[in-house]
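Rule-based calculations on the coordinates, nothing more; no lab input. Computed from a predicted model, the values in this text were never measured in an experiment. Cβ sites come from the backbone with ideal geometry, for glycine too, and all protein chains shown count toward neighbours.
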Amino acid sequence: MTAALLELSHVSKTFGSGRPLARRRVPAVSDVSFALQTEVAEILTIVGQSGSGKTTLARMILGLDVPTEGHIRLLGHDVSRTLGKLARRFVLGTVQPVFQNPFEAFNPLRQLDYYLFLTARHFGAADDQQHAHNSADAALRQVGLSLSEIAGRYPHELSGGQLQRAAIARALLARPKLIVADEPVSMVDASLRMSIVNLFKTLRDELGISLIYITHDLATAYYISDRILIMHEGKVVESGDARTVLAAPQHPYSRRLKEAVLVPEFSSAQSI
């Protein structure tokens, strides 16, 4: 039996709050379980308002936070606890992040091609400088850019949309099987948002890369998702096929989210 690409089993995360002698435990994520399979690439969207626990969940999947309870497995390997150097390399070679603000993903004092070449060499996509150039250019072309457009340029010299595409290209150089994208279009001009959303669908369809897409926007979730998890106060309150869930949400919180969307019918979201 083939191991799941990603499997979360009863994952919880609790933080401490308050003074040392009067600390209280604050649950950020409570008893979350789901899986992504290896056989078929899919886009799983996690929806929730600020404070719902969706970003904490993403950080645990990326190995940036350790679960208080439960287990996270990548390709059958338990990565729930403290990661050594080799284990972290395995995680980053399997799952790559795309963060909300592309300007925070790069050092403003470094040229962008430096990061692309470094990533290519680090994850084995290139074994010399020329190969690194070729790999970086190939990754950039997959996201609608080219090395000639960004070579020698600093992050502030690109638009937000270009820089987010460069961040996605950098993630692709690690040859991941999964990308975790946390609000990846919220800092991008509205005119460019759908081009990046469509890019994620292309990566799924043409490269077979699965995606965990984190957002508070139900219209975009309807457009991009195969499956959806709706989180509220750290818990998954509803999950399933995206169109089925969003067409007729069952949980009161899910219904409130839908009522707050300006698009009256989710079918129209396909044209945004």
Angle between the chain longest axis and helix 85-94 axis [Cα atoms, degrees, rounded to 10]
90
Positive-end extreme of charge dipole, the chain - chosen from G84, A166, L5 (charges on Cβ)
G84
Pull up the cross-link candidates among the aspartates and glutamates for K201, meaning alpha carbon to alpha carbon under 15 Å and not fewer than 8 places away within one chain.
E42, D226
Packing-wise, with mean Cβ within 10 Å as the measure, how do 211-224, 248-261 rank, highest first?
211-224, 248-261
Please give the peptides 67-75, 35-43 ranked by average Cβ packing (other Cβ atoms within 10 Å per residue), highest first, as a rough proxy for protection.
67-75, 35-43
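At 0.36 nm per residue, and after removing the present C-alpha to C-alpha distance, how many nm does the segment from H122 to V40 gain when stretched out fully?
Working: separation 82, 0.36 × 82 = 29.52 nm, distance 2.75 nm.
Net length gain for the segment: 26.8 nm.
Could you put K85, K13 in order, starting from the residue whose Cβ has the fewest other Cβ atoms within 10 Å?
Values: K85 7, K13 22.
By the 10 Å Cβ count, ascending, the order reads K85, K13.
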Student exercise, the chain dipole from Lys, Arg, Asp, Glu Cβ charges, in Debye to nearest 20:
860
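Using a 10 Å cut-off around each Cβ, can you sort V245, V66, V197 from fewest to most neighbouring Cβ atoms?
Least crowded to most crowded, the residues run V66, V197, V245.
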Residue by residue, what Karplus-based ³J(HN,Hα) values in Hz, rounded to whole numbers, does the range 201-207 have, using 6.51, -1.76 and 1.60 with θ = phi - 60° and x for Gly and Pro?
5, 5, 4, 5, 6, 9, 10
Length released on extending from H77 to E157, taking residue separation times 0.36 nm less the Cα-Cα span:
24.7 nm
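How high is the FRET efficiency from S33 to R110, r the C-beta distance, R0 41 Å, rounded to 0.05?
Working from the Cβ atoms, E equals 0.55.
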To make sure I understand the rule: partners must be lysines, Cα under 19 Å from the Cα of K235, and not fewer than 8 residues away in the same chain. Which ones qualify?
K13, K54, K258
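What is the ratio of the Cα radius of gyration of the range 181-257 to 2.2 N^0.38 Å, where N is its residue count, to two decimals? Provide the component values of the computation, followed by the final result.
Working: Rg = 13.0 Å, N = 77, 2.2 N^0.38 = 11.5 Å.
Taking N as the residue count of the range 181-257, the ratio is 1.13.
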Counting only Cα, what are the radius of gyration and maximum Cα-Cα distance Dmax of the chain, in Å?
19.0, 58
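For the chain, what relative contact order do you get, as a whole percent, if you take Cα pairs closer than 8 Å and at least 6 residues apart? Could you put the intermediate results ahead of the total?
Working: 516 pairs, mean separation 63.1, N = 272.
So the answer I get is 23 percent.
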Simple SL model, points at 7 angstrom along Cα→Cβ for H131 and A190; separation in nm is 4.7
Length released on extending from E206 to E259, taking residue separation times 0.36 nm less the Cα-Cα span:
15.6 nm
Using only the Cα atoms, what convex hull volume per residue in Å³ does the range 82-159 have?
119
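Mind checking the dipole of the range 29-81: about its Cα centre, +1 per Lys or Arg Cβ, -1 per Asp or Glu Cβ, Debye to the nearest 20?
Taking the Cα centre of the range 29-81 as origin, the dipole is about 160 debye.
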Dipole magnitude (debye, nearest 20) for the range 178-245, charges at Cβ of Lys, Arg, Asp, Glu:
100
